[in-house]
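Engineer: Submitted below is the structure of interest, expressed as structure tokens.
The values are calculated or read from the model by the stated rules, or taken from the named source; none is laboratory data. None of these values were measured; they are calculated from a predicted model. With ideal geometry, Cβ positions are generated from the backbone for all residues, glycine too; neighbour counts draw on all protein chains shown. All accessible areas refer to the heavy atoms of the entire protein, side chains included, with ligands and DNA or RNA removed. Shrake-Rupley method; radii C 1.70, N 1.55, O 1.52, S 1.80 Å.
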Amino acid sequence: MSSNIQSSVAKRIRVMIVEDSRPVREMLEHIISQDPRLEVAASVANAEDALKKLHQVAPDVISMDIRLPGMNGFEATKRIMAERPTPIVVVSASVESEELNISMNALRAGALSVMEKPLSVSHQHYAEMAERICTQLVIMSQVRVIRQRARRNLAPPSSAMGQRASGASASGGFQMLGIVASTGGPNALVKVLAGLGRGVPVPILLVQHITPSFLKGFVTWLNGVSPMRVLEAADGQIPEPGTVYVAPAERHLVIDRGFLRLENGAPVSVQRPSGTVLFRSMARTLGANGIGVLLTGMGEDGASGLRDMREAGAYTIAEDETTAVVYGMPAAAVNIGAVCESLPLDDIAPRVLQLLLATTPV
């Protein structure tokens, strides 16, 4: 992707700003115009104007406010993804429940990430937030939002078990599912959890890379749209079947002797929480009795941890390139031999259920 970014930098990446507050809109215009990688292609105060100019301006990426007069950011995202799919970065002002809910639904509708809106040029973290927004716009402009979706036929359960490196222990079967996701993850997670349904016979541990201030809102939102209970993980918890435990902001989540542990270790693959840290703990604690799933995301987090799981005899799945919004993390896992099987998104939950039902004691 780096070569693509360099090519885009040479010609500058065209950004459409959708923001109803004039001071904030002007601040975003200033931030973007100061970055040599970017240029403001259009700046509008509402979603209706954005839709009118979309085909004419043909932006490479869109900075989308959530609370807009008339059509909100969620509805605008749905329309854009239906009419002219374009990478969208949600730039949200607050972590209030209503705005968070709209932001999370925008991710489900196709937006790629959620960023905090800079408050003012005098804010102590203004420069850092401005750089983060610009870098996110650059990276997301490269995401291929028009993609071919393919399905593959699932092998029968006996075949799936035959592909397994060494299999779960005959006495207990699989005991835990770990899932890691980043860019494009919220939408992918909704589909996987919906496909698993209620009554999953194992706990699910989840690492989702997201801006820390949005984590609690993300957990609440995911709990509302998922068929199973979703909680923010707490140190010392004993994970229960049919419950999803989400790694908190800025803490690594691990499983240790049957308990959930939260750690303040250094970031791994520039991430804390890190999927690799979670998967490695599952390899140590569960051996062959874990299932690891690595979904869409940028970078390499989760790949080496997934390899540890596979080497311990666990079953490992990566999202296939045909459906991954960003194929970075799954590709990294495939490239190092960490994956038992690559599957399109819609096939992941059925495969996990096959594995669980084939190995769970009656």
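Engineer: Identify, from the list Val254, Val207, the residue that is open to solvent by less than 30 Å² (accessible area, probe 1.4 Å), in contact with a Lys or Arg (Cβ under 7 Å, 6 or more places away or on another chain), farther than 21 Å from Met129 by Cα and not in a loop (DSSP other than H, G, I, E, B). Spell out the reasoning first.
Structural biologist: Numbers: Val207 fails: in contact with a Lys or Arg (Cβ under 7 Å, 6 or more places away or on another chain).
Unique residue meeting the criteria: Val254.
Engineer: Return the pairs, sorted by first residue and then second, in which the second residue is open to solvent by 10 Å² or more (accessible area, probe 1.4 Å) and in a loop (DSSP other than H, G, I, E, B), the first residue lies in region 207-230 and is farther than 15 Å from Gly242 by Cβ and hydroxyl-bearing (Ser, Thr, Tyr), the beta carbons are less than 6 Å apart, and the residues are 6+ apart or on different chains.
Structural biologist: Once the first residue is farther than 15 Å from Gly242 by Cβ and hydroxyl-bearing (Ser, Thr, Tyr) and sits in region 207-230, its partners that are open to solvent by 10 Å² or more (accessible area, probe 1.4 Å) and in a loop (DSSP other than H, G, I, E, B) give Ser213/Val95.
Engineer: Could I ask something else about it? Which of the residues spanning region 70-90 are part of a helix (DSSP H, G or I), over 19 Å from Leu100 (Cα atoms) and charged (D, E, K, R)? Even if it seems obvious, please write down each step before you answer.
Structural biologist: At the first step, the residues of region 70-90 found to be part of a helix (DSSP H, G or I) are 73-83.
Remaining after also requiring over 19 Å from Leu100 (Cα atoms): 79-83.
Across region 70-90, the qualifying residues are Arg79, Glu83.
Here is a yes/no grid of residues against (1) open to solvent by less than 40 Å² (accessible area, probe 1.4 Å); (2) part of a helix (DSSP H, G or I):
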{"site": "Leu28", "(1), (2)": "yes, yes"}
{"site": "Asp35", "(1), (2)": "yes, no"}
{"site": "Ala42", "(1), (2)": "yes, no"}
{"site": "Glu48", "(1), (2)": "no, yes"}
{"site": "His55", "(1), (2)": "no, yes"}
{"site": "Pro59", "(1), (2)": "yes, no"}
{"site": "Ser63", "(1), (2)": "yes, no"}
{"site": "Leu68", "(1), (2)": "yes, no"}
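Engineer: Hey, another quick one. Anything in region 289-319 that is closer than 23 Å to Pro186 by Cβ, of a type outside the set (A, V, I, L, M, F, W, C) and open to solvent by 10 Å² or more (accessible area, probe 1.4 Å)? List them, or say none. Give the derivation first.
Structural biologist: Keep residues of region 289-319 that are closer than 23 Å to Pro186 by Cβ, which gives 291-303, 305-306, 316-319.
Subsequent filtering for residues that are of a type outside the set (A, V, I, L, M, F, W, C) retains 292, 296-297, 299-302, 305, 316, 319.
Hits for region 289-319 are Gly299, Glu300.
Engineer: Let me ask something additional. Residues to consider are Val192, Val230; find the one that is open to solvent by less than 10 Å² (accessible area, probe 1.4 Å) and farther than 23 Å from Arg261 by Cα.
Structural biologist: Numbers: Val230 fails: farther than 23 Å from Arg261 by Cα.
Residue meeting the stated conditions: Val192.
Engineer: Can you confirm whether Leu262 is under 25 Å from Pro239 (Cα atoms) and open to solvent by less than 20 Å² (accessible area, probe 1.4 Å)?
Structural biologist: Numbers: under 25 Å from Pro239 (Cα atoms): yes; open to solvent by less than 20 Å² (accessible area, probe 1.4 Å): no.
It is false that Leu262 is under 25 Å from Pro239 (Cα atoms) and open to solvent by less than 20 Å² (accessible area, probe 1.4 Å).
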